[in-house]
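The next block holds one structure in the form of structure tokens; read it before the comments.
A short reminder: the numbers here are calculations on the coordinates, not readings from a lab. Values in this document were obtained by computation on a predicted structure and should not be read as measured data. In this analysis, Cβ positions are derived from the backbone assuming ideal geometry, glycine residues included, and neighbour counts consider all displayed protein chains.
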Amino acid sequence: MSMRVNGKDLELVSPMTVKDLISNTGRKEDRVAVELNGKIVPRSEYASVFLNGNDSVEIVGFVGGG
């Protein structure tokens, strides 16, 4: 199964949740926002939303500054 993550193709080897994907990219859940197929995924649902082939995911990281 392949999907698009931040504009790049990614092969999924097994069923994966949004939480798994975030972890596999080395990011922290509390520092990102995730859009799945054009809709924002609430942080409270990261562990229960499974990704499928042909999904399109955007992961945006928060950057602090001043």
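As an equivalent ellipsoid, the chain spans semi-axes of 20, 13, 11 angstrom, where each value is the square root of five times an eigenvalue of the C-alpha gyration tensor, largest first. Mean separation of Cα pairs under 8 Å and 6 or more residues apart, divided by the residue count, gives the chain a relative contact order of 44 percent.
What is the list of residues in segment 1-36 whose amide nitrogen lies under 14 Å from a point 7 angstrom out from the Cα of residue 45, following Cα to Cβ? What the label zone holds, given the 14 Å backbone N cut-off, is 18-19, 34-36. Restricting the trypsin sites (Lys or Arg not before Pro) of the chain to loop positions (DSSP other than H, G, I, E, B) with no more than 11 neighbouring Cβ atoms within 10 Å leaves 28.
Sparsely packed loop sites in segment 19-62 (the chymotrypsin sites (Phe, Trp or Tyr not before Pro) outside DSSP H, G, I, E and B with at most 14 other Cβ atoms within 10 Å) comprise 62.
A simple spin-label model places pseudo-atoms 7 Å from Cα toward Cβ; at residue 35 and residue 11 they are separated by 2.8 nm.
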